[in-house]
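Peer 1: Got a structure here, written out as structure tokens. Questions coming.
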Amino acid sequence: MALLEVRDLVVEFGLREGASMALDGISFALEPGERLGIVGESGAGKSVAAFSILNLLSAPGYIASGQIIFDGVDLASLSESALRTVRGRRIGMIFQDPMMTLNPVLSIGEQMLECLRAHSNCSESEARHICIERLRQVQIPSPEQRLRQYPHELSGGMRQRVIIAIALLLDPQLIIADEPTTALDVTIQAEIMQLLRELCDNEGVALLLITHDLGVVAQLTHRTMVLYAGRVVEQAETAALIRAPRHPYTRGLLDALPERTEPGRPLNQIPGSMPGLQSMPSGCAFHPRCNLARARCQSESPALQHGVACWEAAC
Amino acid sequence: MGIAAQSRWWQPRWWQRWRSSPLGHSLGRDRIAQVALAVLLLMALAAVFAPVLAPFDPYDPRSIDIMNSELPPAWVDDADPQFVLGTDAQGRDLLSAILYGLRVSLLIGLCAVMLQALIGITVGLSAGYLGGRVDVILMRAADIQLSYSTMMVAIIVLAVFRTAFGAQLYSDLAVLMLILVIGIAEWPQYARTVRASVLAEKQKEYIDAAQVLGYGRLRIMFRHILPNALSPVFVISTVQVANAIISEASLSFLGLGMPVNRPSLGSLISSGFEYVFSGSWWMTVIPGLVLVVLVLVVNVLGDWLRDVLNPRLYKGS
């Protein structure tokens, strides 16, 4: 049985001009221990998808329809107090900017202790033991001293390790990582990726990795899902997707990688930009930017078939 | 060793914490703040240990001899050296009365501000974090409260209370009543300040992170947002303590505060004021000076705190 199954999830934002769809019926499944990447440009709905899994959309966003079945329970219809036993305990989350995600006035130890106390009733000495153990697992040197320190005393990479340690504190089954390395420099990025990969392998934790960096996805995930304007446009094994992208958007994203451009030539890019929620084009949302677009693309929206949603690629 | 060794495993050593904090750092180099803090501590100690320090007990009618009335301070001719600051119209030793009065003034000032802070912080935190209708209702209540001046509310409440329950009960409950009146009249200052910084903190990612970790609303409000929203609270607290002391003094001066037999600084000034023109200036001038110095040092510390805690004003190291 899948650990997480999202079925026809529709997320709307209630704006003054009327509701507009941020996620338009996305579905996917995640097996225990599997690593799934969600990629797309800014505004594709990646982060909205992550927050809606935890049912933590902030107003004016809300889940309009669909199911989010985690371990047999529909999170979309769970009460707030029941959700709190899932958040942090069974699903952990890692955010983009490690400078902002830790509370500046609490020491590392206090923040870890608080998380343990909120979800389990272990004694203080047990808690200390677990905290040190976790910090050691994320390869933080001299963890005993770190517990006393405040976030501002640690570097960015170190903080992201602490955040990963907190996410892992209660042995969750799933970790949602929302652009976990975007704010870090490249060498630290590689270390954090390596660490995440090892931790997920060793602990058997499933990972939902949200990023706009296909390189990161290629290193870390088993399967990849490409989002465009709130819809899944392609879903495939990561290796196959990188080798043979089928949707013109995926192809565009891959071509835009700097290593695919000959030296000295301008970088490839997809012309135009992601449409706003208020100005969604008719038919396939990608057609104004697509070089394969036909008349049919402007009027009818393609459904996801055999892992790709495109009139040209499907046949 | 000592205290440092007792700190828990998740706490930084308190001394390092103080030394590396902007407060400790800045206090080390700001002479004016050091002096103000020293004077304030001295006054606070004098107030706390008033029963030990004071040569007479001004609350005990037996220690008062009417024959000693209106004696000038010790440095003036024909003074009685046993009354260092002279005596008042009833023959009370002024030094003792001032020490006890300082006690009353500080007690009322601090307690009233604590009450203001308690109400204001709770209201501001709820309004800011919960938002929506709660926010509208609470902040309109604050606006209404602010549209009455503190003195007006205080005078009406105290006057009505005294008429309704009689002077005897009034003088028994005067301290409590002053704390309640000054505390309730000024809570919106806190509510507005706290709400504004809560609104700013609420947007930050660590609050999302706290929600993701499955913490409840109250825990997020009081443990995560509140400590981050406290710096402006410290700053206004100092100003509010000074204001509360002045409010109490003003009310006592108007005859609505502390009764004459248990004087605060304000009532000392007030009761001495009648004798100013007969040449007994010390009865009103000396408590007046004490009040001015007290309010001044509190305000100086408040200014210093505001400069240190406001990151925009950081001047280099």
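Peer 1: So, in region A:65-89, of the ones that are within 9 Å of chain B (Cβ to nearest Cβ) and in contact (Cβ under 8 Å) with a residue 40 or more places away in the chain, which residue ends up farthest from the chain's Cα centre (by Cα)?
Peer 2: Top of the filtered list is A:89.
Peer 1: Output yes when any residue across region B:224-234 is within 14 Å of chain A (Cβ to nearest Cβ), modelled with pLDDT of 90 or more and touching an Asp or Glu at 6+ places or on another chain (Cβ under 7 Å), and no when none is.
Peer 2: yes
Peer 1: Restricting region A:90-99 to residues that are at pLDDT 85 or above and facing another protein chain (nearest Cβ under 7 Å), which is surrounded by the most Cβ atoms within 10 Å (Cβ to Cβ)? It would help to see each step written out before you state the result.
Peer 2: So the first thing to find is which residues in region A:90-99 are at pLDDT 85 or above, and the list is A:90-95.
Pick out the ones that are also facing another protein chain (nearest Cβ under 7 Å) and you get A:93, A:95.
Working: A:93: 28, A:95: 25.
Filtering first and then ranking leaves A:93.
Peer 1: If you don't mind, another one. Looking at residue A:43, is it on the phi > 0 side of the Ramachandran plot, away from every other protein chain (no Cβ under 12 Å), modelled with pLDDT under 90 and assigned to a strand (DSSP E or B)? Break it down stepwise before answering.
Peer 2: Values: on the phi > 0 side of the Ramachandran plot: yes; away from every other protein chain (no Cβ under 12 Å): yes; modelled with pLDDT under 90: yes; assigned to a strand (DSSP E or B): no.
So residue A:43 fails the test.
Peer 1: Does at least one position in region B:84-94 carry a residue that is open to solvent by 20 Å² or more (accessible area, probe 1.4 Å) and under 26 Å from residue B:41 (Cα atoms)?
Peer 2: Among the residues of region B:84-94, at least one is open to solvent by 20 Å² or more (accessible area, probe 1.4 Å) and under 26 Å from residue B:41 (Cα atoms), which makes the answer yes.
Peer 1: Count, please, the residues in region A:305-315 that happen to be under 23 Å from residue A:22 (Cα atoms) and open to solvent by less than 80 Å² (accessible area, probe 1.4 Å). I'd like the intermediate steps shown before the answer.
Peer 2: Applying the first criterion (under 23 Å from residue A:22 (Cα atoms)) to region A:305-315 yields A:305, A:307-311.
Subset that is open to solvent by less than 80 Å² (accessible area, probe 1.4 Å): A:307-311.
Count: 5.
Peer 1: Name the residue that is nearest to residue A:112 (Cα to Cα), counting only residues in region B:5-37 that are among the aliphatic types (A, V, I, L, M) and modelled with pLDDT of 70 or more. Give the derivation first.
Peer 2: The initial filter retains those residues of region B:5-37 that are among the aliphatic types (A, V, I, L, M), namely B:5, B:23, B:27, B:32-33, B:35-37.
With modelled with pLDDT of 70 or more added as a condition, the list becomes B:23, B:27, B:32-33, B:35-37.
Numbers: B:23: 27, B:27: 32, B:32: 41, B:33: 37, B:35: 41, B:36: 40, B:37: 37 Å.
Here the residue is B:23.
Peer 1: Does any residue of region B:74-92 turn out to be assigned to a loop (DSSP other than H, G, I, E, B) and within 30 Å of residue B:309 (Cα to Cα)? I'd like the intermediate steps shown before the answer.
Peer 2: From region B:74-92, those assigned to a loop (DSSP other than H, G, I, E, B) are B:74-86, B:88-92; that's our starting set.
Those still in the list that are within 30 Å of residue B:309 (Cα to Cα) too: none.
No, the conditions are met nowhere in region B:74-92.
Peer 1: Which of the numbered conditions does residue A:141 fail, given that it passes all the others? Conditions: (1) open to solvent by 50 Å² or more (accessible area, probe 1.4 Å); (2) over 20 Å from residue A:35 (Cβ atoms); (3) touching a residue at least 24 places away in the same chain (Cβ under 8 Å).
Peer 2: Unmet condition: (3).
Peer 1: Could I ask something else about it? Across region B:242-275, which residue is nearest to the chain's Cα centre (by Cα) among those that are without any contact (Cβ under 8 Å) to a residue 40 or more places away in the chain and not in a loop (DSSP other than H, G, I, E, B)? Talk me through it step by step, then tell me what you get.
Peer 2: Initial filter on region B:242-275 (without any contact (Cβ under 8 Å) to a residue 40 or more places away in the chain): B:252-253, B:255, B:260, B:269-270, B:273.
Keeping just the survivors that are not in a loop (DSSP other than H, G, I, E, B) gives B:252-253, B:269-270, B:273.
Numbers: B:252: 16, B:253: 18, B:269: 19, B:270: 20, B:273: 24 Å.
Within region B:242-275, the match that is nearest to the chain's Cα centre (by Cα) is B:252.
Peer 1: With the requirement that a residue be surrounded by 16 or more Cβ atoms within 10 Å (Cβ to Cβ) and assigned to a loop (DSSP other than H, G, I, E, B), what does region A:274-300 give you?
Peer 2: Residues satisfying the conditions are A:274, A:275, A:283, A:284, A:285, A:286, A:290, A:293.
Peer 1: Then there's this: Here are some residues: A:168, A:102. Which one is under 27 Å from residue B:228 (Cβ atoms), facing chain B (nearest Cβ under 9 Å) and within 21 Å of the chain's Cα centre (by Cα)? Walk me through how you get there before you give the answer.
Peer 2: Working: A:168 fails: facing chain B (nearest Cβ under 9 Å).
Unique residue meeting the criteria: A:102.
Peer 1: Same structure, new question: Restricted to region A:113-150, and to residues that are farther than 22 Å from residue B:216 by Cα and among the small types (Gly, Ala, Ser), which residue is farthest from the other protein chains (Cβ to nearest Cβ)?
Peer 2: Filtering region A:113-150 for residues that are farther than 22 Å from residue B:216 by Cα and among the small types (Gly, Ala, Ser), the one farthest from the other protein chains (Cβ to nearest Cβ) comes out as A:142.
Peer 1: Further question on the same structure: Could you tell me which numbered condition residue A:259 fails, if it satisfies all but one of (1) open to solvent by 40 Å² or more (accessible area, probe 1.4 Å); (2) assigned to a loop (DSSP other than H, G, I, E, B)?
Peer 2: Failing condition for residue A:259: (2).
Peer 1: May I pose another question? Here are some residues: A:170, A:195, A:184. Which one is in contact with a helix residue (DSSP H, G or I) (Cβ under 9 Å, 6 or more places away or on another chain) and open to solvent by less than 10 Å² (accessible area, probe 1.4 Å)? If you could, list the steps in order and put the result at the bottom.
Peer 2: On the way: A:170 fails: open to solvent by less than 10 Å² (accessible area, probe 1.4 Å); A:184 fails: open to solvent by less than 10 Å² (accessible area, probe 1.4 Å).
Unique residue meeting the criteria: A:195.
The values are calculated or read from the model by the stated rules, or taken from the named source; none is laboratory data. Just so it is clear, the structure is predicted and the values come from calculations on it, not from any experiment. A quick note on method: Cβ atoms are made from the backbone with ideal geometry, for glycine too, and the neighbour counts reach across all protein chains shown. What goes into the accessible areas is simple: the full protein's heavy atoms, side chains included, and nothing from ligands, DNA or RNA. Shrake-Rupley method; radii C 1.70, N 1.55, O 1.52, S 1.80 Å.
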